[in-house]
Amino acid sequence: MLPEIARYPTYQILVAMVLALLLAIVLFPVWIRLLKFRNIGQQVRADGPQGHLVKQGTPTMGGVLILLVVSLVYLSLGEVGRAGVISLVALLGCGMLGFIDDYAKVMKARSLGLTAKMKIAGQAVVASTVGVLAVNWAHVSPEVVIPFVGTIDLGVWQSSVSVGGFSLELPWLYLGLVFFMVLSFSNTVNLTDGLDGLAAGTVMIVMLAFVAIAFAQDNLELALFAAAVAGACLGFLWYNSYPADIFMGDTGSLGLGAVIAALAVVTKTELLAPILGGIYVAEGLSVILQVTSFKLTGKRIFRMAPLHHHFEMKGWSETKVMVRFWIVTGALAGVGFALWFVTRARF
């Protein structure tokens, strides 16, 4: 980072976002051509909306380049810290799991990759790693803040274990919360990635909220990291907007979902994350309610799940669903930031 710019944190954040944006815009055409040459295309669900069948064969695994751009930008800015590295571990860990899933889909030429058990097992490893590193390496407190109420200590049930001469503290309740968050956000962002531009656009908005929170906390490294993710998503949107030239695949959606959870942990906004990422909560709940209702009553609540497909089946265009979900995400991110700001002033 140039000395002149290093004196101005806001400029550094802007540089991180713009640099990630420009790298993505420049590199994606090359990546798309390579994917086409290797015949790596999307396998569309047979039971999804019939209008999506035309997307069969569209290049996928754009998430590989998103992860690469974020890593390059963050590591090159000279503000690398423990909390940022943990967030990067979440991004790359679940991203690698998504890559294996995408590769399996491409090789088998079908829309299903890893089994659910294999995917959850991999996410569990990443989630456990993030939780243990956050508590023992980045010294994240196991206390969580309940807006307008106070704090609750999830470290009351704790064990200590010795590994390779190091003593690890294991606050089980807090680690359980981290585990739930990583799996939930990773999978619900994956569910949201069903329309052109939907997942990338909503993640970009949520990342901007984390930029604001981290900056207000005087945590420049996390603000830079979140800005890099936002910029990479924005650059990807240039090619992922309807009609998409490329999809992010599970490599992108699983990794980006995990990084939302990780940033919530290291910024101590664990209980605000469901508001900041409320659109993913709605998408996940729509699937749970749909499956539960059909099993119990034989009837469906929604025309199709996840929720974005319900609105498609009602006649909304992909673009209308996408933009309206972006607007809802922006509103929820604003509410989440406002709640954090008020809560910070009180506690």
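No value in this document is a laboratory result; all are computed from the given coordinates. Since this is a predicted model, take the numbers as computed values, not measurements. Every residue, glycine as well, gets a Cβ built from its backbone with ideal geometry; the counts of neighbours run over all protein chains shown.
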Given the options Ala116, Ala232, Ala331, which has the most mean-square fluctuation in a GNM of the chain, springs set between C-alpha atoms less than 10 angstrom apart?
Ala116
What full-extension length gain, to one decimal in nm, is calculated for Leu27 and Ser317 as 0.36 nm per residue of separation minus the Cα-Cα distance?
101.5 nm
Using θ = phi - 60° and Karplus 6.51 cos²θ - 1.76 cosθ + 1.60, couplings along region 288-302 (whole Hz; Gly, Pro as x):
4, 5, 4, 5, 5, 4, 5, 5, 7, 10, x, 10, 9, 7, 10
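Only helical DSSP H runs with n ≥ 4 go in: add -39500 (n - 2.57) per run for the chain, normalise by residue count and round the 222 nm mean residue ellipticity to 500 deg cm²/dmol.
Details: 13 runs with 234 residues, N = 347.
Computed ellipticity for the chain at 222 nm equals -23000 deg cm²/dmol.
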Show me the chymotrypsin sites (Phe, Trp or Tyr not before Pro) within region 98-189 that DSSP assigns to loop and that have at most 14 other Cβ atoms within 10 Å of their Cβ.
Trp137, Phe148, Trp157
So for the pair Phe166, Ser141, with labels modelled 7 Å out along Cα→Cβ, what separation do we get in nm?
2.3
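Once you list every other residue whose beta carbon is under 15 Å from the beta carbon of Val70, what net charge do they have if Lys and Arg are +1 and Asp and Glu are -1? Please list the in-between numbers first.
On the way: positive: none; negative: Glu79, Glu221.
Residues near Val70 contribute -2 overall.
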With each pseudo-label sitting 7 Å past Cα toward Cβ, what's the Val156-Thr297 distance in nm, one decimal?
3.8
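Sort 199-207, 65-73 for me by packing, meaning the mean count of neighbouring Cβ atoms within 10 Å per residue, highest on top.
Top of the packing list down: 199-207, 65-73.
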Quick one: among Pro29, Pro306, Pro59, which has the greatest mean-square fluctuation in a GNM of the chain with alpha-carbon springs under 10 angstrom?
Pro29
May I ask you to list the trypsin sites (Lys or Arg not before Pro) in region 274-347 that are in a DSSP loop and have at most 10 other Cβ atoms within 10 Å of their Cβ?
Lys299
Going by C-beta contacts inside 10 Å, put Thr129, Thr151 in order with the fewest on the left.
Thr151, Thr129
What is the order of His308, His139, fewest Cβ neighbours within 10 Å to most?
His139, His308
Inter-probe distance in nm under a simple model that places probes 7 Å from Cα toward Cβ, at Val342 and Ala124
3.9
